[in-house]
Amino acid sequence: MPEGAATATDKVSVPPPLPVQHRNAAADLRKMRRIITEDYSWSLALIPLLSDLCLQHIVRNFEHNPILEKLLPKHKSKVLDLISTSLPLQVTVNLITYEDYWRRCCSERWPVCDISQYGSSWKRLFFERHLENLIERFIPDVTDTGPICEIAEFSKDYIKKLEIRQLLPPVKLEKKKDDEVDEISDSESDTGGELPSMDHFDLNLVASSLSGLEELHLVYGVKGCGMNFEWNLFRFTKRDCSLLANTFKTFRNLKVFKLNKSKVDDDRARVLIKSLLDHPSLVHLDLSHNQISDRGARAVGKLLNQSQLQILTLCNNNVRSHGAQAIAYALSRNNTLSTLNLRLNHIGDEGGQALLNALLQNTSLVNLHLGSNELSEPTVTVLSQVLSQNTSLRSISLTCNRIGLDGGKQLLEGMSLNKTMLEFDLRLTDVGQESEFFINQVLRDNQEHARFQAQQTQVST
C-alpha cells in the first residue's frame, strides 16, 4: 500500500456545518452574483439622480408651472434644451431669453433663417416672421383678428420690422350661375369704380401695440396666385390708402417705408405723402413698381422739402419730365438726400437735364440711378459739366439709354476732371469701347485714391 494512503480505519475530517445566518448570507451573495452575471448592463450608474428626475418633471409641466429663474445655471440650461418648441408663446415670450431655444423654434418652422437681417437675434426673427405669417394669411371677414392683436401685444418689444409680402382680399361669397360669364378687362380693372368688398387687413388693429416699429414693407396683392389670377387681387383701394395713412400717426418711429407692386396711383400717393410730411423719423421711402406719374412726383418733391429723407426710390413708375422737374426743384434745395433711384421711368432729356442741373447746387446726393429713362446726348452734356464740378457724387447709372458715341466723348471729357466718382454704369448705352475704357481707367484711379485716403484716416485714428 502506498505511503499516505487512507485506510478504512482512518478518520476523515469533515468541516463543521455553517451557522444558519451565514448560510443565508452566502445564499444572498450567490443570488446577487447570478443577477450581475445574467444582466451585464446592470450598474448602479443607471439609477437617475434625484436632480435629473426633478428636471424631467419641470420639463413635463413647464406649460402649467414654468419654473426657470430659481434654477441653478447648469440646471436652467438643461431645461431650456429639453422643453418643447410648441409651448404657448404667452408662456415663453417674456420668460425665455435663451437664444438657442429660439433658434430651435425658428429652424423647425423655416428652412432658411438669416439672423443678420434681424439684429442677430433669433427671438426677434421668430416673432417678426410669426406675425408676418399671420397677417399674410389673414382673410377679411373670415379670419379672426384676435390672435393677431394678441401676438402683436405680447411680442411688441421684439418686433422692429414687418415685411408683408402679400395682403389677401376678402373671399367672394356669392355663387355665380353656370351660364354667367365674369370677365373683367384690363382697362375696367384699372379705371373702374371701387369695390367696397376688396379692402385688406387694417394695420390700425396692431398699430398701437407696435408703436416702436422701424421698418414696414407692404404689397397689396397675392403672391403665387397662378391660374387663379384676377386683377382684383391686386387692388390698393381708397379705404386701404386712408387706413394706411392713418397708421403713420402711430408709427412715429418708422424709418423705412416700402409700398411696392400695389398699383398706387397719383391720388393714393398724395394721400400717403400728405400724412408723411410731418413725420419725425422717416429716412427711406420706396414706392417702386406702381403707377405714380407727374402729380404724385410733385407731392414727392414737396416731401423732400419738408422731411429728412435720405433714400428715395421711385423706380418703374410713370414719372415724366414735369414730375422730374418738380423733384429737381426740391433737390436743388435739399441737403439730406443721399440716394435717388428713378430707373424705369420716362423723364426724357427735359427731366434729365433738370435733375442734373440741380446737382450743380446739391452737395448731399451720393448715388443717382437714371437707367431706362429715354435719355440721350442733351442730358449727357449737362452731366459732363456736373462731373467736372460736383464732388459729392460717388455712383451714377445711365444703363439702357441712348447716349451714343458723341455722348460718350462728352462723358469722358467730364470724367477726366473728376476725382471723386467711384462707379459709373454705362451698359447698353452705345458710348463706344474707347470712351468706356478710358472712363473705367479714371474710375480705377479714383478708387485707388479713395482706398489710400481711407487707410490714412484709419492710421491717424
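The values are calculated or read from the model by the stated rules, or taken from the named source; none is laboratory data. Since the structure is predicted, the reported quantities are computational estimates derived from the model, not experimental observations. Positions of Cβ are generated from backbone atoms using ideal geometry, with glycine treated the same way; all protein chains shown enter the neighbour counts. Ligands, DNA and RNA are stripped out before the accessible areas are found, and what is left, the full protein with its side chains, is counted by its heavy atoms. Shrake-Rupley method; radii C 1.70, N 1.55, O 1.52, S 1.80 Å.
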query = Taking all protein chains as present, what is the carbon and sulfur share of the accessible area of the stretch 369-420, in % to the nearest whole number, probe 1.4 Å?
reply = 52
request  = Do me a favour and compute the ellipsoid semi-axes for the stretch 90-133 from its Cα gyration tensor, root of five times each eigenvalue, largest one first, whole Å.
outcome  = 15, 11, 10
note = Of 99-110, 207-218, 281-292, ordering from highest average Cβ density within 10 Å down gives 281-292, 207-218, 99-110
query = D for the stretch 228-295, whole µm²/s, Stokes-Einstein with Kirkwood Rh over alpha-carbon pairs at 10 °C and 1.306 mPa s: what number?
reply = 125
ask   = Nearest 0.05, what FRET efficiency do PHE229 and THR420 give at R0 = 51 Å with Cβ-Cβ as r?
value = 0.60
ask   = Between GLU108 and GLU153, what FRET efficiency comes out of the Förster formula 1/(1 + (r/R0)^6) with R0 = 22 Å and r the beta carbon distance, rounded to 0.05?
value = 0.35
note = Going residue by residue through the stretch 311-321, the Karplus relation 6.51 cos²θ - 1.76 cosθ + 1.60 with θ = phi - 60° gives ³J(HN,Hα) values, rounded to whole Hz and with x marking Gly or Pro, of 10, 10, 10, 10, 5, 6, 10, 10, 5, 10, 4
remark   = For the stretch 314-393, the Kirkwood Rh over every pair of distinct alpha carbons, in Å, works out to 12.2
inquiry  = How long are the semi-axes of the equivalent ellipsoid of the stretch 326-461, taking √(5λ) for every eigenvalue λ of the Cα gyration tensor, in whole Å from largest down?
reply    = 24, 20, 12
query = What does the stretch 43-122 give for Rg and for Dmax, in Å, if only its C-alpha atoms count?
reply = 14.8, 51
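Work out, step by step, the length gained on full extension between LEU50 and GLN433: first 0.36 nm times the residue separation, then minus their alpha carbon distance; give nm to one decimal.
Separation in residues times 0.36 nm, less the Cα-Cα distance, equals 129.9 nm.
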task = Using the structure shown, select from LYS161/LYS302; LYS161/LYS274; LYS156/LYS238; LYS70/LYS249; LYS123/LYS249 the pairs with a Cα to Cα distance greater than 32 angstrom.
result = LYS70/LYS249
request  = Give the share of C-alpha pairs in each 10 angstrom bin for the stretch 113-174, from 0 to the last occupied bin, in whole percents, shortest bins first.
outcome  = 21, 46, 24, 7, 1
query = So between ARG295 and VAL59, what do we pick up on full extension, going 0.36 nm a residue minus the alpha carbon distance?
reply = 78.8 nm
task = Whenever you get a sec, line up LEU277, LEU344 from highest to lowest accessible area (probe 1.4 Å, protein heavy atoms).
result = LEU344, LEU277
ask   = Based on the mean of other beta carbon atoms within 10 Å per residue, what is the order of 348-360, 392-404, most packed first?
value = 348-360, 392-404
Projected label distance in nm at LEU72 and THR85, using a 7 Å step from Cα toward the beta-carbon = 2.9
